[in-house]
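Report on the structure given below.
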Amino acid sequence: MPIATQEREESCKTYFLRSRERIIGLKSGLDPHFFAEGLRDIWSSFDALLTWKFPGGNNTDQRKKFAAKYQASFPDWRKTDLFKNSIKILMGLSPVKNMDNGKEFSVSKETKLLEILNFSYTVRSNLNHGAKHLVGDTEIARRNRELVEYSFKITYDILEKVLPEEGIDVN
């Protein structure tokens with residue numbers, strides 16, 4: 001296996017397993033950043049997978065290629081309760097605005113994979129670029145914590161389903 005491929009696979013697995021630690025037990029306690037770290041980790045894992053399996057283009061192009069590959073089967077996936085609950089909450093919190101370019105992303109249907117990924121990625125990008133304030137008891141901070149938590153959970157669930165299909169053993 002070429003070194004770059006091996007590094008991407010290891011990165012994908014490492015970040016996925018780190019994010020799994022935040023799923024197991026799902027105890028955030030009083031730390032408003034608990035799920036933020038999980039969202040960063042799961043998208044680091046996803047980005048490694050996208051770069052490895054869908055080379056070329058930018059992250060947006062790679063997400064489109066990923067969604068095109070899995071969209072036909074996605075509506076038929078056996079969805080976990082974690083997915084079902086998270087998608088309902090994200091649909092209720094839609095839209096979310098990309099703080100870099102002002103574009104809004106929504107989740108309108110639980111069967112639209114690219115829409116879900118773009119929404120979650122926007123939450124992740126806003127978080128990484130400092131536009132998501134998580135601390136405090138304001139309505140905005142509470143909404144931001146929910147966006148981060150449920151974007152993390154849904155992205156984790158999608159990646160957990162896909163990794164074995166892509167030949168990555170994370171058990």
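Please determine, by comparing only the residues of segment 102-115 that are out of contact with any Phe, Trp or Tyr (no Cβ under 9 Å at 6 or more places or on another chain) and either surrounded by 13 or more Cβ atoms within 10 Å (Cβ to Cβ) or of a type outside the set (Gly, Ala, Ser) (or both), which one is nearest to Ala67 (Cα to Cα).
The selected residue is Lys109.
Could you please find all residues in segment 88-119 being in contact (Cβ under 8 Å) with a residue 40 or more places away in the chain and either in contact with a strand residue (DSSP E or B) (Cβ under 8 Å, 6 or more places away or on another chain) or closer than 20 Å to Ser45 by Cβ (or both)?
If the condition is that a residue be in contact (Cβ under 8 Å) with a residue 40 or more places away in the chain and either in contact with a strand residue (DSSP E or B) (Cβ under 8 Å, 6 or more places away or on another chain) or closer than 20 Å to Ser45 by Cβ (or both), then Leu90, Val96, Leu113, Leu114, Ile116, Leu117, Asn118 are the ones that fit.
Quick one: would you say Leu127 is farther than 13 Å from Ser151 by Cβ, in a helix (DSSP H, G or I) and either in contact with a Phe, Trp or Tyr (Cβ under 9 Å, 6 or more places away or on another chain) or not acidic (Asp, Glu) (or both)?
The answer is no for Leu127.
Among the candidates Lys109, Lys103, Lys88, single out the residue that is under 17 Å from Glu146 (Cα atoms) and of a type in the set (D, E, K, R).
Lys88
May I ask you to say which residue of Asp47, Asp81, Asp41, Asp76 is more than 18 Å from Glu115 (Cβ to Cβ) and surrounded by fewer than 16 Cβ atoms within 10 Å (Cβ to Cβ)?
Criteria check complete, one pass: Asp81.
Asn171 is checked against (1) part of a loop (DSSP other than H, G, I, E, B); (2) out of contact with any helix residue (DSSP H, G or I) (no Cβ under 7 Å at 6 or more places or on another chain); (3) more than 26 Å from Ala48 (Cβ to Cβ); (4) not small (Gly, Ala, Ser) and fails just one. What number does that condition carry?
(3)
Scan segment 84-95 residue by residue and report those that are surrounded by fewer than 16 Cβ atoms within 10 Å (Cβ to Cβ) and not in a loop (DSSP other than H, G, I, E, B).
The answer is Lys84, Asn85, Lys88, Gly92.
A quick yes/no check of all residues on (1) at pLDDT 95 or above; (2) closer than 17 Å to Ser125 by Cα; (3) among the acidic types (Asp, Glu):
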position: Asp31; (1), (2), (3): no, no, yes
position: Phe35; (1), (2), (3): no, yes, no
position: Trp43; (1), (2), (3): yes, yes, no
position: Trp52; (1), (2), (3): no, no, no
position: Ala67; (1), (2), (3): yes, no, no
position: Lys88; (1), (2), (3): yes, no, no
position: Gly92; (1), (2), (3): yes, no, no
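The values are calculated or read from the model by the stated rules, or taken from the named source; none is laboratory data. What you are looking at is a predicted structure, and each value in this text was computed from that prediction instead of being measured. For neighbour counting, all protein chains shown are included, and Cβ atoms are generated from backbone atoms with ideal geometry for every residue, glycine included.
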